[in-house]
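Novice: Take a look at this one; I'll ask things after.
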Amino acid sequence: MKFKIALLPFLALVVTATAYAQAKPEDLIKIRQASFRVIGWHCGKVKALLDGQYDKEQVLAAATVIQSVANAGLNPFFAPGTDKGIGFHDSKAKPEAVDPAQAAKLSEVITGFRKDANELVKVAATGDKEATRTQFGNLTRHCKSCHDDFRVQ
Ligand code: HEC
């Protein structure tokens, strides 16, 4: 009996993971668009704070949001079939973004993005504005590289 009860949370997890794996393409497109919208908004905030009234805590708060979205994992939002369809608007993902043959290349960009998002939080926490600016530049290079290869212009 004890064993069965202990197993319950685990089963719930499995069921939840399966439900996510079966998410409809239009839901994945929505989450992808929403994730990048959130990332974009907070990048804009970091840039404005670096160019204007620098505030360490606000930069750190925005960087932490970007880090969280990146660490939660972007790969599942590029499931096959999610290049065409409507999320909040027509998908702008190129067919290459959801092509299993290009998955390694996409993963490489996602991994680099995540690494630099984590690094940005570390650097932002020091309060060193210029070092934060440099690391923000390292992070935003991945935006352009991924958009060039995987997003319709
Ligand atoms: C791994 C690839 C990848 C990375 C890294 C990436 N993007 Fe994107 N981004 C995309 C794709 C693909 C779309 C199109 C999504 C769609 O329409 O389904 C997109 C869409 C967007 C959008 C529009 C969201 C909407 O409203 O639909 C914004 C804003 C954006 N990205 C900003 C950024 C910024 C800023 C960065 C870097 C800090 C970044 N992206 C990094 C691939 C990426």
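Novice: Any idea what angle helix 103-126 forms with the longest principal axis of the chain, computed on alpha-carbon atoms, 0 to 90 degrees, nearest 10?
Specialist: Here the helix axis deviates by roughly 50 degrees.
Novice: In degrees from 0 to 90, rounded to the nearest 10, what is the angle of the helix 25-51 Cα long axis to the longest principal axis of the chain?
Specialist: Roughly 20 degrees, rounded to the nearest 10.
Novice: Further question on the same structure: Over 24 Å between Cα atoms: which of LYS84/LYS105; LYS45/LYS84; LYS84/LYS115; LYS115/LYS144 fall into that group?
Specialist: Values: LYS84/LYS105 20 Å; LYS45/LYS84 30 Å; LYS84/LYS115 29 Å; LYS115/LYS144 16 Å.
Checking Cα-Cα distances, LYS45/LYS84; LYS84/LYS115 exceed 24 Å.
Novice: Angle check, please: helix 56-72 long axis (alpha carbons) against the longest principal axis of the chain (alpha carbons), in degrees 0 to 90, nearest 10.
Specialist: 30
Novice: Strictly greater than 22 Å: what percent of every Cα pair in the chain meets that? Mind showing how you got there, number by number?
Specialist: Working: 5640 of 11628 pairs.
Pairs farther apart than 22 Å: 49 percent.
Any read-out appearing in this document is the output of simple, stated calculations on the displayed coordinates, not a laboratory observation. These figures come from a predicted structure and were not determined experimentally.
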